[in-house]
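*Asks:* This structure is in structure tokens; I'll ask about it shortly.
The values are calculated or read from the model by the stated rules, or taken from the named source; none is laboratory data. Values in this document were obtained by computation on a predicted structure and should not be read as measured data. With ideal geometry, Cβ positions are generated from the backbone for all residues, glycine too; neighbour counts draw on all protein chains shown. Side chains included, ligands, DNA and RNA excluded: accessible areas come from the protein's heavy atoms. Shrake-Rupley method; radii C 1.70, N 1.55, O 1.52, S 1.80 Å.
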Amino acid sequence: MNNILITGANGQLGMELRTLLDEKGIIYTATGSKELDITDAKMVSDYFGLHKPDLVFHCAAYTAVDAAEEEPGKSADEMVNVAGTQNVATAAESVGTTVVYISTDYVFDGQNTGMYKEMDQQNPQSEYGRTKNLGEKAIRETMSKYYIIRTSWVFGKYGKNFVYTMLNLAKTHDVITVVDDQVGRPTWTRTLAEFMLYAVENKVPYGVYNLSNDNQASWFEFATEILKNTTTQVKPVTSAEYSQKATRPAHSVLSLEKTKATGFKIPTWQEALQQMMVIIDK
């Protein structure tokens, strides 16, 4: 693959992926909404027709989960996550491009007490989950060469995420309350970026894969680990006590069996968090 395109290249995953590719000396083209507005079908079609990328890491997404609830079906997430992904899929298929699309645990309803496998029934309970689910559908029904990678609880060096939120709150609060009745798997952007590249380089069979770091946690347990070296106390609360506009999956632990079967080694979220903390402390 010598002609690689990254959409959403300025987001937290896009930046992590660029860092990984730079380290490996892999050439790519990085685009944000200014360079390639994926909601503009003609712009996307013209871009693919001219540049004919071999591979697209489709990281562009609308991820403001609560804001998406304000105008269901009309907000920016509909344009980016649904129409934008359809535009990319249509243009990519027309020139034979492989697409790596990033999806989310929010496509599930979170009522499963076990682990969600790739082919389990999707039943999103939020506007964000609905639009990402429709993005998946656009990829599956349009593309012949694609990877859909579902992830959850993303954190990393770049952008805004839960780790930075907790660290910043700890600077000004002696006590922090965090929900303890939502369970999932935290995901380091570095691990996710590494699997995205691994799948392509190792010609992993096309299809849907789950990728998060190993082990599971509640948000309370995740926060406690983040702040274990601070004096801030973390107290558990229920989701009912911490009102949010969008419904979060109560139990969205993703099965990693299929991804592990490809030979990709997945660190635990505790190991990943420790590595990230070393990086941001430098």
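*Asks:* Using the structure shown, decide if Ser255 is polar (S, T, N, Q) and under 18 Å from Val65 (Cβ atoms).
*Replies:* Details: polar (S, T, N, Q): yes; under 18 Å from Val65 (Cβ atoms): no.
So Ser255 does not fit the description; no.
*Asks:* Sticking with this one: Between a first residue in segment 105-125 that is closer than 18 Å to Val154 by Cα and a second residue that is in a loop (DSSP other than H, G, I, E, B) and among the aromatic types (Phe, Trp, Tyr), which pairs have beta carbons less than 7 Å apart while being 6 or more apart in sequence or on different chains?
*Replies:* Tyr116/Phe108
*Asks:* Let me ask you something else. Select from segment 6-32 the residues that are among the aliphatic types (A, V, I, L, M) and either closer than 18 Å to Ala89 by Cα or assigned to a helix (DSSP H, G or I) (or both) and write down the one among them that is most open to solvent (accessible area, probe 1.4 Å).
*Replies:* Filtering segment 6-32 down to residues among the aliphatic types (A, V, I, L, M) leaves 6, 9, 13, 15, 17, 20-21, 26-27, 30.
Cutting the leftovers down to either closer than 18 Å to Ala89 by Cα or assigned to a helix (DSSP H, G or I) (or both) gives us 6, 9, 13, 15, 17, 20-21, 30.
Numbers: Ile6: 0, Ala9: 1, Leu13: 21, Met15: 58, Leu17: 0, Leu20: 3, Leu21: 0, Ala30: 38 Å².
The residue in question is Met15.
*Asks:* Still on this structure, please answer the following. When segment 78-128 is examined, which residues are found to be of a type in the set (D, E, K, R), touching a helix residue (DSSP H, G or I) at 6+ places or on another chain (Cβ under 8 Å) and farther than 22 Å from Tyr146 by Cα?
*Replies:* If the condition is that a residue be of a type in the set (D, E, K, R), touching a helix residue (DSSP H, G or I) at 6+ places or on another chain (Cβ under 8 Å) and farther than 22 Å from Tyr146 by Cα, then Glu127 is the only one that fits.
*Asks:* Just wondering, is there one or more residues in segment 69-77 that are among the acidic types (Asp, Glu), open to solvent by less than 40 Å² (accessible area, probe 1.4 Å) and either more than 23 Å from Thr98 (Cα to Cα) or more than 17 Å from the chain's Cα centre (by Cα) (or both)? First the steps, then the outcome.
*Replies:* Start the filter on segment 69-77 by keeping residues that are among the acidic types (Asp, Glu), which leaves 69-71, 77.
Restricting the remaining residues to those that are open to solvent by less than 40 Å² (accessible area, probe 1.4 Å) gives 77.
Remaining after also requiring either more than 23 Å from Thr98 (Cα to Cα) or more than 17 Å from the chain's Cα centre (by Cα) (or both): 77.
There is at least one residue in segment 69-77 that is among the acidic types (Asp, Glu), open to solvent by less than 40 Å² (accessible area, probe 1.4 Å) and either more than 23 Å from Thr98 (Cα to Cα) or more than 17 Å from the chain's Cα centre (by Cα) (or both).
*Asks:* I would also like to ask the following. I want to confirm something. Restricting to segment 247-276 and keeping residues that are assigned to a helix (DSSP H, G or I) and touching a helix residue (DSSP H, G or I) at 6+ places or on another chain (Cβ under 8 Å), which single residue is nearest to Val183 (Cα to Cα)?
*Replies:* Within segment 247-276, the subset assigned to a helix (DSSP H, G or I) is 257-260, 269-276.
Narrowing further to those that are touching a helix residue (DSSP H, G or I) at 6+ places or on another chain (Cβ under 8 Å): 259, 269-270, 272-273, 275-276.
Working: Thr259: 20, Trp269: 13, Gln270: 15, Ala272: 18, Leu273: 17, Gln275: 22, Met276: 21 Å.
Within segment 247-276, the match that is nearest to Val183 (Cα to Cα) is Trp269.
*Asks:* Moving on to the next point. Kindly list the number of the only condition in (1) crowded, with 19+ Cβ neighbours inside 10 Å; (2) under 18 Å from Thr268 (Cβ atoms) that fails for Lys228.
*Replies:* (1)
*Asks:* Of all residues in segment 99-130, how many are farther than 14 Å from Cys59 by Cα, at pLDDT 95 or above and β-branched (Val, Ile, Thr)?
*Replies:* Looking only at that region, the number is 1.
*Asks:* Here is a follow-up. Taking the stated definitions as given, is Ser152 touching a Lys or Arg at 6+ places or on another chain (Cβ under 8 Å) and at pLDDT 95 or above? I'd like the intermediate steps shown before the answer.
*Replies:* Details: touching a Lys or Arg at 6+ places or on another chain (Cβ under 8 Å): yes; at pLDDT 95 or above: yes.
Yes; evaluated as a whole, the condition is true for this residue.
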